[in-house]
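Single-structure report; data block below.
The values are calculated or read from the model by the stated rules, or taken from the named source; none is laboratory data. What you see is a predicted model, and the numbers here were worked out from it, not measured in a lab. Here the Cβ is made from the backbone with ideal geometry for all residues, glycine too, and neighbour counts use every protein chain on show. Note: accessible area is taken over every heavy atom of the protein model, side chains too, but ligands, DNA and RNA are not part of it. Shrake-Rupley method; radii C 1.70, N 1.55, O 1.52, S 1.80 Å.
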Amino acid sequence: MSSLSSPLQRSLIAKDILSTLRYEILSGELKEGEFLGEVALSKRMNVSRGPVRCALQQLEAEGLVASEQNGRTKVVGLSNKDIDDIYDLRLELEKKAVLILQEKDFVNYAPILEVLNQLKLERDKGELCDSVKMAALGYDVHVAIMKCSENKAIFNAWKSLSSVLQMIMEMNGDYVDGERAFQSHKALVDAIIHKQPDVEQVIEQHLLQDSRDIYLSGLREKGERGGKRVH
């Protein structure tokens, strides 16, 4: 039995801290310009400073915090431009993955279709449809697409963007219309499977209008209600 000080346990603790701090920054609980101290955070979360330091380093890599010359860490948050930039890069990676799929003689689309079917089943619940679950399943459709490309470099680059985007989706899942979410993902999957010549345009429509604009609007509205300005 591993101890709490084992590398695995430290990694799990750091992930929990990372998820908590990421949520607090994106939701506006931690305000832009606020300083985060390792000692204060470790006391609040009842952990050692090591996992807190690891979490802050990852948040800095994601652009949510910044280290100053005096060693203090400041909350940066996300601007509209930051989200635009993330989606633009994600769009290029997904276009590349789909082009790889189009060039293959055979692709096992079963994983993609399985998630799409789960999305349909949730949509079919009507008023009982869980919009947050719909948002999560919609994200899983894209995970399946990227995995099917079997290109590790592209998939790993795509995953590096996923943590922030996935949390934005989960936070703003209540802005998702179940029917629109299903139809948009179905159109995307159909374009990929049937190798439609306009597949790149379909992906762009899906990501920049059916995804980014919805979640950005939700993030802005929640930020304004919470006193945090998403600019």
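Go through region 156-169 and give me each residue that's over 8 Å from the mean Cα position of the chain (by Cα) and either surrounded by 17 or more Cβ atoms within 10 Å (Cβ to Cβ) or modelled with pLDDT under 80 (or both).
Trp158
Can you confirm whether Leu93 is buried (at least 18 other Cβ atoms within 10 Å of the Cβ) and in contact (Cβ under 8 Å) with a residue 24 or more places away in the chain? Against the criterion (buried (at least 18 other Cβ atoms within 10 Å of the Cβ) and in contact (Cβ under 8 Å) with a residue 24 or more places away in the chain), Leu93 qualifies. Restricting Gly33, Gly71, Gly77 to those that are buried (at least 16 other Cβ atoms within 10 Å of the Cβ) and not in a helix (DSSP H, G or I) reduces the list to Gly77. Just wondering, is there one or more residues in region 112-123 that are of a type outside the set (Val, Ile, Thr) and free of Cβ contacts under 8 Å to residues at least 12 places away in the same chain? Taking every residue of region 112-123 in turn, at least one turns out to be of a type outside the set (Val, Ile, Thr) and free of Cβ contacts under 8 Å to residues at least 12 places away in the same chain.
Scanning region 36-68 for residues that are in a helix (DSSP H, G or I) and small (Gly, Ala, Ser), we see that the one that is most open to solvent (accessible area, probe 1.4 Å) is Ala61.
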